[in-house]
Amino acid sequence: MAKVQTHTFDAVIVGAGGAGLMAALYASRKAKVAVISKLYPTRSHTGAAQGGIGAALGNIEEDHWEWHAYDTVKGSDYLADQDAVDVLCREAVETVIELEHMGLPFDRFPNGKISQRRFGGHTNNETGKPVMRACHAADRTGHMILQTLYQQCIKNNVAFYDEFHVVDLIRVGDTVRGVVAYEIATGEFHIFRSKAVHFATGGWGRCWEVTSNAHSLTGDGAAICLRRGVPMQDMEFFQFHPTGIFKLGVLITEGVRGEGGVLINSAGERFMEKYAPTIKDLASRDVVSRAIYLEIMAGRGIQGKNYVHLDITPATVNRYFELEGEKRRIDRAYIEAKLPDIADFTRTYLGVDPVQEPMPVQPTAHYAMGGIPTDVDGRVLLDAAKTVLPGLYAAGEAACVSVHGANRLGTNSLVDLVVFGRRSGVHMADYCQGSDLLPLPEGAADEVIADFERIRHSTGGVKPYIVRAGMQKAMTEGVGVFRTDETISTAIAQMAELRQAYQGVEVDDKGKRFNTDLLEAWELGCLLELAEVTAVSALARKESRGGHAREDYQERDDANWLKHTLCQRIDDGKYQLDYKPVTLGRYEPKKRVY
Amino acid sequence: MQLQLRIRRFNPEKDKKPRWGEYTLDNVSPNDSVLDVLHRVKWEQDGTLALRRSCAHGVCGSDAMRINGANALACKTLIARLKNGSETVKVQVEPILGMPVLKDLIVDMEPFFDHYKSVMPYFVNDTPPPADGRERLQSPEDRARFDDTTKCILCAACTSSCPSFWANDRYVGPAAIVQAHRFIFDSRDQAYAERLKILGDTFGVWRCRTIFNCTNACPREIEVTRAIAEVKMALTTGIV
């Protein structure tokens, strides 16, 4: 077998977005840690998050973390675990303050405190009206979080292996021994031997055609765990964000609606008044995405096409403010100051000036609520009995705690990253102090190296992009905003064919240096498996809840389905489903009305 | 429409020196980005083409390159903007200058990040935060003072467009100065004196000859040259 370098650490963290960097900052205080990322850390997709991070600071109006918790549970369509949600929302407050202390340049209110704005599903629990809870730095909050955490990692001398692509987990029985990584620049394989492994590798929005996700979001960490015997939790719940730029999928933050923007159909109606009479355009994302889809199906898409308008022009916004008796007004300068990147995106990609014209938007595949099952300390759980796999951790979008349940509230992804990144980093460091470095098994990298060599030397003639496009079409048509038994079954059949086709994938580049052809083909394998798990989980769940909207089972069914899905890989294309109960708490499930 | 794409190619495993690759694409839309057409070449014609990319909408900073002679992000440059009147659009893509080419459009970014790390690009404030456990206060005016330079995505479009950097790559370059500026002018930060000392050194801001290439190249529309000038002013006057 090929020569493989070995490195030894207490813990390795895979992925250098918000969750990975936060975990690294905390874990490196007590343990020898390496952060391994296929991208330079500042390229991570945390940096694309726009509108804000939710925390009940109460800087401008009354707010309580318990209100944030209720909104999160309601937003989740009652599938979130309420003990975990309490941790999320309580610790959100101190964590946002901590980010400020790290230097994060939040926008400020005139009194010097962190500026907050409205966001979908975040309410004053007494009035039901929107509350200003989203702490933000213009519309580049994620960028500032990513930059700040990376800066702090530099300050604290965290060890980075940039452009190292982790491709396997070394698991022996119920222990972890490290990971295998592929050095992109050289094509060499490396083993990182460690007591603990932490996956913070983000989501897999690239399973769908129209997505807000980066090309690099191929679910590698989740797929690796799946292949190494970890079930995937709640994979049928994937969020379609209501406002992606038409055709491109580039995200237009909910902050646009938080600042007063409204959705308009071809009849000029503010249609969210019908679907969510109280908070209208600021209903939670699943509700708004379905509303847009229904408007389009009813022929009220703009020019009969499959998009609607998002209107933040001062004339429109101020008219609605006046109708609703709100005192505030917005103007060009306000939009340029609060939403500069959005204005730049629509000007660049659409030639639309959002100060003067509405923006064409459609739902875009955005966020995985499901993923690697963990507890509130990031420890990975292997089954419905919540058996811990000691030394294995996950946090951020790759993980499923579950705080987002069936539908994530806007801003809560950033909260999730920092809260559970921190908790998992702390726990992992303690774990490393109390455990021994176990020996590497013989030929620990052989299996994955063989997989790579098979792809590199395949002569099957199938172009990877054809398979990828097939998967994206199958998932969009079969497992999209709405789905039925028939559409999901069709997608599963198509996925089986694509899995076969994938065996014949051939790459042009047979070399070692920066062979991104080979890596993209390997990533495609990850996407295919996660897409299949998503479809299999979706087919079984015969109800509608949050982001999983079944036209053939339109109601939520708490009697039978108030439970988490666990999908285990048995063999290529063979999966086994299991379920575990939802942890309830203060909030009894009730009908969700916005 | 049809697009003729010339890409500077170099594979260290095969080529002794860089060469030009020529590709023709049909059915290109004016709304396609340069990244879209590079992907089409890579996926449909030649998988060996190597480039970095991730977010595809101008926020991750992976795909800075020289497009028709000017630095830009491939994902933020639409073909419509490169049209030059004729039916067939011609686009030429090269790696950014001033850093060693590793393969095709991929350059060695380590020297760039080393310069970045040399300017203390992190928040320093050793006084205890407010006793009430809350945020340090900052007025909107103080926050606005350094807003422009917080937008930097470290894509290197500025540094690799700078003739002073081309002439001597020990110069920290515009991007590192932008990063330092973001902290020097942050009212909460306490390490401006140390940063100014670093930037007042031989390979600091005085290498800048106010050419404005950096400002023109910045895909985030940061006024880079102004930021550098503000650091020069601070060094000269001692006033931040």
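The values are calculated or read from the model by the stated rules, or taken from the named source; none is laboratory data. The model shown is predicted, which means the values in this text are computed figures rather than measured ones. No Cβ is skipped: glycine too gets one built from the backbone with ideal geometry, and neighbour counts run over all protein chains shown. With ligands, DNA and RNA removed, areas are computed over all heavy atoms of the protein, side chains included. Shrake-Rupley method; radii C 1.70, N 1.55, O 1.52, S 1.80 Å.
Please report the antiparallel percentage of DSSP beta bridges with both residues in the protein assembly as shown, rounded to the nearest 5.
65 percent
Accessible surface area normalised per residue over the protein assembly as shown is 34 Å², counting heavy atoms of protein chains with a 1.4 Å rolling probe. The H on the amide N of A:Arg556, modeled in the peptide plane, is under 5 Å from the matching H of A:Ser544, each at least 5 residues off or on a different chain. Summing Cβ point charges (Lys, Arg +1; Asp, Glu -1) relative to the Cα centre of segment A:111-159 gives a dipole of roughly 80 debye.
Count Lys and Arg as plus one, Asp and Glu as minus one, and take only other residues whose Cβ is under 9 Å from that of A:Ala538; the net charge is then +2.
Projecting the Cα atoms of B:Ile184, B:Val124, B:Cys158 onto the dipole axis of segment B:76-196, where Lys and Arg carry +1 and Asp and Glu carry -1 at the beta carbon, places B:Cys158 farthest toward the positive end.
Comparing each chain alone with all protein chains together (probe 1.4 Å, DNA, RNA and ligands left out), the residues of segment A:512-534 losing at least 20 Å² of accessible area are A:Arg513, A:Phe514, A:Thr516, A:Asp517, A:Glu520. What are the residues of segment B:49-95 that lose 40 Å² or more of accessible area, with a 1.4 Å probe, going from their chain alone to all protein chains? SASA drop of 40 Å² or more in segment B:49-95: B:Arg52, B:Arg53, B:Ser54, B:His57, B:Val59, B:Cys60, B:Lys76, B:Leu78. Relative intensity of segment B:166-218 on a log10 scale, I(q)/I(0) at q = 0.27, 0.29, 0.32 Å⁻¹, equals -1.12, -1.20, -1.30, per a Debye sum over C-alpha point scatterers of equal strength in the absence of solvent.
Given a 1.4 Å probe and every protein chain left where it sits, what share in percent of the accessible area of the protein assembly as shown is carbon and sulfur?
On the protein assembly as shown, the fraction of accessible area on carbon and sulfur atoms equals 50 percent.
Amide H contacts of A:Tyr393: A:Val197, A:His198, A:Phe199, A:Val380, each under 5 Å away and 5 or more positions distant or on a separate chain (H built 1.01 Å from N in the peptide plane; Pro and chain starts excluded).
Here the label points at B:Asp108 and B:Glu44, each 7 Å from Cα along the C-beta direction, are separated by 3.6 nm in the simple model. Using only side-chain charges placed at the Cβ, +1 for Lys and Arg and -1 for Asp and Glu, the dipole size of chain B relative to its Cα centre rounds to 560 debye. Converting phi to 3J(HN,Hα) with the Karplus coefficients 6.51, -1.76 and 1.60 and the offset θ = phi - 60°, segment A:168-174 yields 7, 9, 8, 10, 10, x, 9 Hz in sequence order, with x at every glycine or proline. Here the simple spin-label model places points 7 Å from the Cα toward Cβ, and for A:Asp83 and A:Glu322 these points are separated by 5.4 nm. Among the trypsin sites (Lys or Arg not before Pro) in segment A:278-340, which ones are in a DSSP loop with at most 11 other Cβ atoms within 10 Å of the Cβ? Mind listing them? Sparse-neighbourhood loop trypsin sites (Lys or Arg not before Pro): A:Lys327, A:Arg328.
Pairs of alpha-carbon atoms within less than 8 angstrom and 6+ residues apart define the contacts here; what relative contact order does segment A:178-256 have, in percent? In percent, rounded to a whole number, it is 20.
For A:Lys473 and A:Asp571, a Förster radius of 35 Å and the Cβ-Cβ distance give a FRET efficiency of 0.85, rounded to the nearest 0.05.
Think of the protein assembly as shown as a dipole: +1 on every Lys or Arg Cβ, -1 on every Asp or Glu Cβ, centred on the Cα centre; then among A:Tyr40, A:Ile488, A:Leu389, A:Tyr40 lies furthest on the positive end.
Among A:16-23, A:222-229, the peptide with the highest mean count of other Cβ atoms within 10 Å heads the list, and the full ranking is A:16-23, A:222-229. Qualifying GluC sites (Glu not before Pro) in segment B:172-229, where qualification requires a DSSP coil assignment and no more than 14 other C-beta atoms within 10 Å, comprise B:Glu221.
The mean number of Cβ atoms from other chains found within 10 Å of a Cβ in peptide A:143-151 is 4, as a whole number.
Accessible surface buried by the A/B pair amounts to about 5300 Å², both sides summed, 1.4 Å probe. Let a ≥ b ≥ c be the square roots of the eigenvalues of the Cα gyration tensor of segment B:118-216; is it rounded (a/c under 1.5), or, if not, prolate (a/b larger than b/c) or oblate? Prolate, since a/c reaches 1.5 and a/b exceeds b/c. When the Cα positions of A:Asn125, B:Pro12, A:Tyr70 are compared along the charge dipole of the protein assembly as shown, B:Pro12 comes out farthest toward the positive end, with charges on each C-beta of Lys, Arg, Asp and Glu. Rounded to the nearest 20 debye, the dipole size of the protein assembly as shown about its Cα centre is 1480 debye, using +1 on the Cβ of Lys and Arg and -1 on the Cβ of Asp and Glu. In order along segment B:211-217, the phi-based Karplus estimate (6.51 cos²θ - 1.76 cosθ + 1.60, θ = phi - 60°) of 3J(HN,Hα) comes to 8, 6, 4, 4, 4, 5, 7 Hz; Gly and Pro are listed as x.
Take each residue in A:37-48, count the other chain C-beta atoms within 10 Å of its C-beta, and the mean is 5.
Within chain B, DSSP assigns beta bridges of which about 75% are antiparallel (rounded to the nearest 5).
Expressed in units of 2.2 N^0.38 Å, where N is the residue count, the Cα radius of gyration of segment A:258-349 is 1.12. Among the cysteines of chain B, those whose beta-carbon sits 4.7 Å or more from every other cysteine beta-carbon are B:Cys75, B:Cys152, B:Cys155, B:Cys162, B:Cys208, B:Cys218. Starting from the Cα gyration tensor of segment A:1-41, take the square roots of the eigenvalues, sort them a ≥ b ≥ c, and report rounded, prolate or oblate (rounded when a/c is under 1.5, otherwise prolate if a/b is larger than b/c, else oblate). Oblate shape, in that a/c is at least 1.5 and b/c is the bigger or equal ratio. Per residue of peptide B:120-128, the mean number of Cβ atoms on other chains within 10 Å of the residue Cβ is 4.
From the square roots a ≥ b ≥ c of the eigenvalues of the alpha-carbon gyration tensor of the protein assembly as shown, which class results: rounded (a/c under 1.5), prolate (a/b over b/c), or oblate? Cα axes put the protein assembly as shown in the rounded bin. Summary value for chain A: 21 percent relative contact order, contacts being C-alpha pairs under 8 angstrom separated by 6+ residues.
In segment B:149-188, comparing the full protein assembly with the chain on its own, the residues that lose 10 Å² or more of accessible surface at a 1.4 Å probe are B:Thr150, B:Lys151, B:Cys152, B:Ile153, B:Leu154, B:Gln179, B:Arg182, B:Phe183, B:Arg188.
Determine the percent antiparallel among the DSSP beta bridges restricted to segment B:1-140, to the nearest 5. Taking every DSSP beta bridge within segment B:1-140, about 75 percent pair in antiparallel fashion.
Scanning residues 5 or more positions from A:Gly585 or on other chains, none has an amide H under 5 Å from its amide H, with H placed 1.01 Å from N in the peptide plane.
The Cβ shell under 9 Å around A:Tyr26 holds other residues with a net charge of +4, Lys and Arg each +1, Asp and Glu each -1. Listed values for segment A:359-376 are Karplus-derived 3J(HN,Hα) couplings in whole Hz (6.51 cos²θ - 1.76 cosθ + 1.60, θ = phi - 60°), namely 9, x, 9, 8, x, 9, 4, 10, 8, 8, 6, x, x, 6, x, 9, 8, 6, and x replaces Gly and Pro.
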